[in-house]
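Undergrad: This is the structure I want to talk about, given as structure tokens.
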Amino acid sequence: MSVPYWLEASLEVSRYPLPPSPGGRTGRAGTVTAAAVRPFSAEELDSAWGEWSGYSPVLADVLLVLARTGLRWSEARALTVGDANPERITVARSAREGGPIRCYPTRRVRGVPVETRVRPIVQRLLAGRDADEPLFATSLGEPLRRAPVLRRLNWPETGRGRRLQDLRHTAASLWLADGAAPAEVRAWLG
């Protein structure tokens, strides 16, 4: 059993209660509970994208792609141009900030559809670039870092009380609202 799995399992059964964190959410015996899921509606997402575009059109497009594809931040950081085409993104690895790129086992590799709304953005990201370049990158070609992106987009104001993770939940909600089967959505989210 891996250490992260063991720790997660231990916390779930409250063998090792954590002290309450200031302003944090805690459950019985001080254990940490999941944060509330707050996906954007389609209208809220379009409005937020407009606000983000006022700060940085490029980063606003990146967040819109995340919200419409359900990619995790670590997966988006690991994507290369060769992993994507205008209709589908293949998710085969992740890259946590400060850590190495982790390749997924074959059974975890998945394809994510690119919705019509973000296809032009993905096409712009792919245009004239080498297959091994990061798909989402800084102007210097480096993978994006979470804190500077959120700071640049003034996330405390424009994020409307949501977490970056809620963009992933937004994708699931929008797919389900558009009539996708729950099993299909689950496969896309991985």
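Undergrad: From GLU115, GLU142, grab the single residue that is surrounded by 12 or more Cβ atoms within 10 Å (Cβ to Cβ) and out of contact with any Pro (no Cβ under 7 Å at 6 or more places or on another chain).
TA: When all the criteria are applied, what remains is GLU115.
Undergrad: So, one more: Kindly establish whether GLU133 is more than 13 Å from the chain's Cα centre (by Cα), on the phi < 0 side of the Ramachandran plot and surrounded by 13 or more Cβ atoms within 10 Å (Cβ to Cβ).
TA: yes
Undergrad: Pick out the one residue from ALA76, ALA84, ALA67, ALA48 that is crowded, with 18+ Cβ neighbours inside 10 Å, of a type outside the set (D, E, K, R) and touching an Asp or Glu at 6+ places or on another chain (Cβ under 9 Å).
TA: Just a single option satisfies the conditions, and that option is ALA67.
Undergrad: For the stretch 105-149, how many residues meet the condition of being among the hydrophobic types (A, V, I, L, M, F, W, C) and under 17 Å from SER74 (Cβ atoms)?
TA: Within the stretch 105-149, residues that are among the hydrophobic types (A, V, I, L, M, F, W, C) and under 17 Å from SER74 (Cβ atoms) number 8.
Undergrad: While we're on this one: Yes or no: VAL109 surrounded by 13 or more Cβ atoms within 10 Å (Cβ to Cβ), over 26 Å from PRO39 (Cα atoms) and hydrophobic (A, V, I, L, M, F, W, C)?
TA: no
Undergrad: When you scan the stretch 161-168, do you find a residue that is loosely packed, with under 12 Cβ neighbours inside 10 Å, assigned by TED's automatic domain parsing to the domain that holds ARG72 and not polar (S, T, N, Q), even just one?
TA: yes
Undergrad: Follow-up question, since we're still on this one. Does LEU125 satisfy the condition of being surrounded by 16 or more Cβ atoms within 10 Å (Cβ to Cβ), assigned to a helix (DSSP H, G or I) and either acidic (Asp, Glu) or more than 14 Å from the chain's Cα centre (by Cα) (or both)?
TA: yes
Undergrad: Further question on the same structure: Give me a count of the residues in the stretch 70-107 that are of a type in the set (Phe, Trp, Tyr) and closer than 15 Å to ARG168 by Cβ.
TA: 1
Per-residue answers, yes or no, for (1) part of a strand (DSSP E or B); (2) in the same structural domain as ALA172 (by TED's automatic domain parsing); (3) in contact with a strand residue (DSSP E or B) (Cβ under 8 Å, 6 or more places away or on another chain); (4) at pLDDT below 95:
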{"site": "LEU11", "(1), (2), (3), (4)": "no, no, yes, yes"}
{"site": "SER14", "(1), (2), (3), (4)": "no, no, no, yes"}
{"site": "PRO20", "(1), (2), (3), (4)": "no, no, yes, yes"}
{"site": "ALA29", "(1), (2), (3), (4)": "no, no, no, yes"}
{"site": "LEU63", "(1), (2), (3), (4)": "no, yes, no, no"}
{"site": "ARG68", "(1), (2), (3), (4)": "no, yes, no, no"}
{"site": "ILE89", "(1), (2), (3), (4)": "yes, yes, yes, no"}
{"site": "GLU97", "(1), (2), (3), (4)": "no, yes, no, yes"}
{"site": "ARG107", "(1), (2), (3), (4)": "no, yes, no, yes"}
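Undergrad: Checking the conditions here, which among ALA76, ALA84, ALA95, ALA131 is more than 26 Å from ARG186 (Cβ to Cβ), in contact with a helix residue (DSSP H, G or I) (Cβ under 7 Å, 6 or more places away or on another chain), small (Gly, Ala, Ser) and in contact (Cβ under 8 Å) with a residue 24 or more places away in the chain?
TA: Selected residue: ALA131, the only one of ALA76, ALA84, ALA95, ALA131 that is more than 26 Å from ARG186 (Cβ to Cβ), in contact with a helix residue (DSSP H, G or I) (Cβ under 7 Å, 6 or more places away or on another chain), small (Gly, Ala, Ser) and in contact (Cβ under 8 Å) with a residue 24 or more places away in the chain.
Undergrad: Take ALA67 and decide whether it is within 26 Å of LEU176 (Cβ to Cβ) and in contact with a Cys (Cβ under 8 Å, 6 or more places away or on another chain).
TA: no
The values are calculated or read from the model by the stated rules, or taken from the named source; none is laboratory data. None of the values given here were measured: they were computed from a predicted structure. Neighbour counts are summed over all protein chains in view; Cβ atoms, including those assigned to glycine, are modelled from backbone coordinates with ideal geometry.
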